[in-house]
Structures are given as structure tokens and as C-alpha cells.
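First comes the structure, then the notes that go with it.
The values are calculated or read from the model by the stated rules, or taken from the named source; none is laboratory data. As the structure is a prediction and not an experimental result, all values here were calculated from the model. Virtual Cβ from ideal backbone geometry, glycine too; neighbours counted across all protein chains shown.
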Amino acid sequence: MKEILERLVNGEINIEEAENLLKADAILEFDDVAKFDIKRNDRTGFPEAVFAPSKEYDDLILIIKKYLQTSDEDLIITKLSNERYERILSDLGENSFIFDYNKRAQILVIRKEIIEKEPQAKIGIITAGTSDIKIAEEARVIVEEGGCEAITSYDIGVAGIHRLFPQIAHMVKEGVKAFIVCAGMEGALPSVVAGLVDVPVIGVPTSIGYGVGEGGRVALDAMLQSCAPGIAVVNIDNGFGAGVFALTIVNND
């Protein structure tokens, strides 16, 4: 960007040419494998992440290497298996990068440095069952990467609803700006939470279930059909999307 602006100031290019160059510079092309949107953070408040499944390992490692060569931003890789993480660590671990891998959530953040910041807000993250924790942890990593504090409470679903109320009360006292609620099976928990609080609730259906509920579709339909106002629903197992949406709420508060 600096080079383009210098060329503009020196009269080497006109305003239209500078504008086109800046637009083109917003996309990094990695050997025809990927076009990385390095300006997404400027536009939307959160950077682009790499979705690991279905990518060939050679393509994935190329994207990582090229990104780290051209950007100082943290790199987030989602749905990354432990086996692939170990291979990436072996290939890149000698380059002085900081690797922060959440094995349960299968999400990796690669940093060039750690910058301590005061959390700008608090976000509550809840799961109905223990089986939903991996999706909640994905959301937690994103929330914390976005500069917020995550207050978590897991395995407090409607099957033992007495467990829920003290945790909700604690989060309300802490002043959380939004709740992320992960649930599989019949997906009832977000509706209950939304009926108790006055801040937005983000429902995350998980693929935990069996019979008619297998794959998370019943939980998704139940959350979409909720009679409690104030719920937004993301896709099945989309902890990443829930975290980004919670950050969007905080950033526009």
C-alpha cells in the first residue's frame, strides 16, 4: 500500500490506477491454489480463516507459508485434525512461529508474536451436553482471538435444568454482551436461555444425536422454530461463525 501511495504522490500513476492497484492488493494469490482476502478484517472486523477439511495437505501448507510470509496478522485454521497439526508443526515449527492448537476444538492459531490486550467485553458460552464442548471451544477460541473474554459453562442442558440457572445468573452479573448456546439432540437450550436474558442469544446446533436427530438437523430446525425472541442461529457445528457473530454484536454495541 505504501509503495502504491508513493507512486501516486510522485505522479507515476493517477488516482484511478492507484485505486485499482489497492483493490488488487487486497487479494493474495497463492500459486493458483487460493486467493486470500487479507482486507477482510478491515471490512468486517475479523480476518479470514482457513477451512482445513477437503484441502490437500500440500495446498494447505502452501497457503500457510505464503500467508505468513506476507501478513503480520494471526492465521486461523479451523477443523484441523490432530494428525495434520502435528505435520504442520513438524514442517514449520523451526520458523519461530507460535502455535496455539486446541485439540478438542481442532482449531489452530499461528502467531508471529503474542500481544496482550485488555478484553473489550465478555461473552457467555454454554453447552447442553459434554458432547457439544468441541463446538463451544471453537467459538471460545474465536471470541478470545477477537479480543473478548469468554465465560464458559458446559453440560448444563435441559435434561437437568436446575444446573442452568446459577450459571446464567453468574454470567448476567458479569455483564456478558451475548450468549453462545451449543446444543444437539432436540436443541432446546437456546430457547430456554433466550427466555431468561435481555442480550442476544446465538444458537449453535451440533451434530450430536441419533435416530431422527442424527446429524443435527432436528436441533437446527428446533432453534429456527423457537418462540423465544432474540435468537440468531448459525449452521450445524459452526462454532466459528457463532464466535464471529458474537464479536460483531460487541463491536457494534
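For Lys103, are the conditions met, namely being within 26 Å of Asn252 (Cβ to Cβ) and outside the structural domain of Val201 (by TED's automatic domain parsing)?
So Lys103 does not fit the description; no.
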Quiz prompt | Evaluation of Lys55 against (1) without any contact (Cβ under 8 Å) to a residue 12 or more places away in the chain; (2) surrounded by 14 or more Cβ atoms within 10 Å (Cβ to Cβ); (3) assigned to a helix (DSSP H, G or I) (one fails), failing number | solution = (3)
Practice problem: Restrict the check to the range 115-126 and report whether at least one residue is crowded, with 18+ Cβ neighbours inside 10 Å, in contact (Cβ under 8 Å) with a residue 40 or more places away in the chain, among the β-branched types (Val, Ile, Thr) and under 18 Å from Gly187 (Cα atoms). | Solution: yes
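Identify the residue in the range 115-164 that is among the charged types (D, E, K, R) and assigned to a helix (DSSP H, G or I) and, among all such residues, is farthest from Arg104 (Cα to Cα). Walk me through it before giving the result.
Here is the first cut: in the range 115-164, the ones among the charged types (D, E, K, R) are 116-118, 122, 132, 134, 137-138, 140, 144-145, 149, 155, 163.
So of that shortlist, the ones also assigned to a helix (DSSP H, G or I) come out as 132, 134, 137-138, 140, 144-145, 163.
On the way: Asp132: 10, Lys134: 5, Glu137: 7, Glu138: 8, Arg140: 12, Glu144: 16, Glu145: 17, Arg163: 23 Å.
In this case the residue turns out to be Arg163.
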Practice problem: Working only within the range 204-224, note down all residues that are surrounded by 18 or more Cβ atoms within 10 Å (Cβ to Cβ) and either polar (S, T, N, Q) or not assigned by TED's automatic domain parsing to the domain that holds Gly243 (or both). | Solution: Thr206
Quiz prompt | Unique match (being surrounded by fewer than 17 Cβ atoms within 10 Å (Cβ to Cβ), of a type in the set (A, V, I, L, M), under 21 Å from Ile123 (Cβ atoms) and in contact (Cβ under 8 Å) with a residue 24 or more places away in the chain) among Val172, Val201 | solution = Val172
